[in-house]
């Protein structure tokens, strides 16, 4: 074991371990290329081949939308407490827990999706999205882009090592804007 990191977020503790794997598993190489089209509607991602056939549609968990009433209730309760009092601290912890719950749903979905994509496809082409610009949009659309967390999707895809070739090179092409057949 190289290192251990202990964290606390929203009242929940977690430990991350960095380990050395002596004999890594050598998975079979994959050569297919797929494209990931991001969306904010019913589908978080639509995975397609170069010829346009849809491989898979991944549902959007909408973590913020499902917990927005709890967030509003907790924020309202916090605003009604006298600042720095015992009950204010309790309300603040409750609000942090509600936000952490939504964030956990979001990161869990992104971890599962990016790991599955890296394991099953050799090359992944994603859109050259700039989530910061999309997040500046009008009310509902802005919340939807923030809820989908596309910046995290790109970041997690780039951190996945080459699961399908056994080496450390990245199988993902993160250049967008072109066609997949190039």
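The values are calculated or read from the model by the stated rules, or taken from the named source; none is laboratory data. A quick note: this is a predicted structure, and the numbers were derived from the prediction, not measured. Cβ atoms come from the backbone with ideal geometry, glycine included; neighbour counts cover every protein chain shown.
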*Being touching a strand residue (DSSP E or B) at 6+ places or on another chain (Cβ under 9 Å) and in contact (Cβ under 8 Å) with a residue 60 or more places away in the chain narrows it down to one of 58, 45, 17, 64, so name that one.*
45
*Which of the helices (runs of 4 or more DSSP H) contained wholly in the stretch 99-182 include at least 3 residues that are under 30 Å from residue 76 (Cβ atoms), at pLDDT 60 or above and out of contact with any helix residue (DSSP H, G or I) (no Cβ under 6 Å at 6 or more places or on another chain)?*
139-148
*Odd one out for residue 34, checked against (1) part of a loop (DSSP other than H, G, I, E, B); (2) farther than 25 Å from residue 143 by Cα; (3) in contact with a helix residue (DSSP H, G or I) (Cβ under 9 Å, 6 or more places away or on another chain)*: (1)
*Looking only at residues in the stretch 73-89 that are surrounded by 13 or more Cβ atoms within 10 Å (Cβ to Cβ) and part of a helix (DSSP H, G or I), which one is farthest from the chain's Cα centre (by Cα)?*
88
